[in-house]
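The values are calculated or read from the model by the stated rules, or taken from the named source; none is laboratory data. Owing to the predicted nature of the structure, the values given are computational and were not obtained by experimental measurement. Cβ sites come from the backbone with ideal geometry, for glycine too, and all protein chains shown count toward neighbours. When the accessible area is computed, the model is the full protein with side chains, heavy atoms only, and any ligands, DNA or RNA have been set aside. Shrake-Rupley method; radii C 1.70, N 1.55, O 1.52, S 1.80 Å.
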Amino acid sequence: MSSSQTPTLQSRRALYVGGLDPSVTQSMQTVETTIRAAFLPFGPIQSIEIPMDYAAGTHKGFAFIEYVDGDDAAEAIYNMDGAELFGKTLTVNIAQAERTNLGSNKAVWSTEEWFKEQSGMKEDEERKEQEKGKELDASLLKEKPLTAGI
């Protein structure tokens, strides 16, 4: 597989840039122009992606920059990681593919607990346990009659 066929986020040319100031939101074009101006000295930029928070109408505070050459990306990391842009410290590193980590390697639905919850069996078992507890309490009260205080 040649480097041109390598997926963008798996290549050494794609960078994650975090810590972008949310106040730099006059327009997305202004934000992109600002980022391009800050990172262009290290080499030709192929693309810039700025994820949006559509509910708030702003960017999410990070961007992805893809350089034409991996050496340019390495130079940008060396020079811009920890640098300030509009008073905020930037975090610049190689972009990673999104990974979902739920803390387990086993599917949620493979546990018996999950199956019982989804089928309603757990609720039935809990209700039966409560009924048993009430029956036990009632039988104990029958065995020990309440006596009036002496």
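Out of everything in the range 52-87 that is in a loop (DSSP other than H, G, I, E, B) and touching a Leu at 6+ places or on another chain (Cβ under 9 Å), what residue ends up being farthest from LEU40 (Cα to Cα)?
First, the residues of the range 52-87 that are in a loop (DSSP other than H, G, I, E, B): 54-57, 60-61, 68-69, 81-83, 86-87.
Going one step further and asking which of them are touching a Leu at 6+ places or on another chain (Cβ under 9 Å), we end up with 60-61, 81-83, 86.
Values: LYS60: 22, GLY61: 19, ASP81: 15, GLY82: 17, ALA83: 15, PHE86: 17 Å.
Looking at residues that are in a loop (DSSP other than H, G, I, E, B) and touching a Leu at 6+ places or on another chain (Cβ under 9 Å), I get LYS60.
Right, GLY43: on the phi > 0 side of the Ramachandran plot and at pLDDT below 90 or not? Lay out the reasoning, then the answer.
Working: on the phi > 0 side of the Ramachandran plot: yes; at pLDDT below 90: no.
So GLY43 fails the test.
If you scan the range 49-61, which residues turn out to be under 14 Å from VAL17 (Cβ atoms) and surrounded by fewer than 16 Cβ atoms within 10 Å (Cβ to Cβ)?
Applying the first criterion (under 14 Å from VAL17 (Cβ atoms)) to the range 49-61 yields 49-51, 59-61.
Correct list: GLU49, PRO51, LYS60.
If you check GLN96 against the conditions, is it at pLDDT below 90, touching a helix residue (DSSP H, G or I) at 6+ places or on another chain (Cβ under 9 Å) and open to solvent by 80 Å² or more (accessible area, probe 1.4 Å)? Walk me through it before giving the result.
Details: at pLDDT below 90: yes; touching a helix residue (DSSP H, G or I) at 6+ places or on another chain (Cβ under 9 Å): yes; open to solvent by 80 Å² or more (accessible area, probe 1.4 Å): yes.
Yes; evaluated as a whole, the condition is true for this residue.
Identify the single condition in (1) among the hydrophobic types (A, V, I, L, M, F, W, C); (2) open to solvent by less than 60 Å² (accessible area, probe 1.4 Å); (3) at pLDDT 85 or above that ALA107 does not satisfy, given that it satisfies every other one.
For ALA107, the failing item is (3).
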